[in-house]
1. So how many Å³ per residue does the convex hull of the Cα atoms of the stretch 276-338 work out to?
2. What chymotrypsin sites (Phe, Trp or Tyr not before Pro) does the stretch 245-341 have in DSSP loop regions with at most 14 other beta carbons within 10 Å?
3. Take the stretch 1-132, compute every pairwise Cα distance, and split them into 5 Å bins from 0; I just need the percent in each bin.
4. State the dimensionless ratio Rg/Rh of the stretch 50-202 (Rg: radius of gyration of Cα atoms; Rh: Kirkwood radius).
5. Pairs of Cα atoms under 8 Å, at least six residues apart: use those to get the relative contact order of the chain, whole percent.
6. Quick one: which of K133/K255; K133/K351; K77/K199; K214/K330 span more than 20 angstrom between C-alpha atoms?
7. With N set to the number of residues, divide the alpha-carbon radius of gyration of the chain by 2.2 N^0.38 Å and report two decimals.
8. Quick check on the stretch 4-48: take the gyration tensor over C-alpha atoms, sort the square-rooted eigenvalues as a ≥ b ≥ c, and tell me if it's rounded (a/c under 1.5), prolate or oblate.
Amino acid sequence: MNNLLNIKTPAETTAQTRKADYNLSNHGMRNLRLAYWNLPSEALYEEAIFRSEGIISHAGPFLVNTGRHTARAASDKYIVREPSTMDRIWWGEYNRPYNVDKFNELFNRVQGFLQGRDVFVQDCYAGADPNYKLPIRIITEFAWHSLFARNMFITPNSQEDYRRHVPEFTVIALPTFKSFPQIDDSRSDTIIVINFEQKLCIIGNSGYGGEIKKSIFSIMNYLLPNSGVMTMHCSANTGDNRDVALFFGLSGTGKTTLSADPGRGLIGDDEHGWSDEGVFNFEGGCYAKVIALSPSAEPQIYACTKKFGTILENVVYDEATRLIDLDDDKYTENTRASYPLEFIDNAVSEKRGGHPLNIILLTCDASGVMPPIAKLSPDQALYHFISGYTSFTHTFHRVRRR
């Protein structure tokens, strides 16, 4: 927010209470109007309402519209190609290289853009295993994005932990900052760039909260294999006998739904690491699809759409009653709910488990290549995992267009 009139905001008097000693000047950010450090959910609600970033829907969730981007802008994502990454990344269509000098110019403009503005800071961790946890800092233009970071990542335990926090990676999310394709060599005026040498990620011109989440996953996906940890896009739960199960699949194939089993403990719904000690969640929250969510088939997730602290992205609501309509895809089919993991009653507080006894690979095989259910041998499971077979995405969209 560019508060040119210097209007006092609801959390202004407590903005510095949880400030870290490692401050924003270490990121080259100076002449800010005010930085709001590690505000709790209640204060972030007040700030987001004050700034007209969204509305409070029935029963308390904060409802936002993410604007032009209602999903990730995968074609606008880049990785800076520099000596440390040059020979360790499979460059191509999905890992687009970005020039070091162009990144420095872009970051200089970001620093200038932020002068005189308010920013929100959340100091968190990615990775529930203390041996592999990554201290991160999420700097955002919007208050609700700070709430999103607080929901999705693991927060420090004490005031002293906040004060001593030193991030090993920083994400700057600025939905109103646009890139210039002619200057930045970007595909459009939206840009997401990760620089592993500078340990910095810039997200410009996208309000979709998932960009913050997936940028951290991309960072963990690069760093952890070097420490012998397998990074996984999967959900995980565990039984009373520590019989951990993993659920792999594309978005929408049922990972979140299947892992939220009331008879088993939820480790996490989306992003995990598998080390020599077992599996662990990267996150502290869930980011569930809620289109056509069923209160009978998915009662625990459905209940989260009626809780204070949940963020609902692009969900349709009645302006008079503030009641939400989870069946309406007016804005997008990719409607989302972000909420802390503890909102699920049977969530595992440590967010960790042992080695998995069962691995489930989810597809939506409209081509009839595979049987509805199949028990795979280790070699078959390896082949299926490495080949990445699924007809879900393309078939789904093709059928929808007919």
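All of the numbers you see were taken from the coordinates with simple rules; none came from a lab. All figures in this text were calculated on a predicted structure; none of them were measured in a lab. Note that we place each Cβ from the backbone using ideal geometry, even for glycine, and neighbour counts take in every protein chain shown.
1. Working: hull volume 7.1 nm³, N = 63.
So the per-residue hull volume is 113 Å³.
2. Loop-located and lightly packed - F308.
3. Computed distribution, short to long bins: 2, 8, 12, 13, 17, 19, 14, 10, 5, 1, 0.
4. Numbers: Rg = 16.9 Å, Rh = 17.2 Å.
With Rh from the inverse mean 1/r over Cα pairs, Rg/Rh is 0.98.
5. On the way: 816 pairs, mean separation 68.9, N = 402.
The normalised contact order for the chain reaches 17 percent.
6. Details: K133/K255 23 Å; K133/K351 12 Å; K77/K199 16 Å; K214/K330 24 Å.
Beyond 20 Å between Cα atoms: K133/K255; K214/K330.
7. Numbers: Rg = 20.9 Å, N = 402, 2.2 N^0.38 = 21.5 Å.
The reported ratio for this selection is 0.97.
8. Values: a/c = 2.43, a/b = 1.30, b/c = 1.87.
Oblate.
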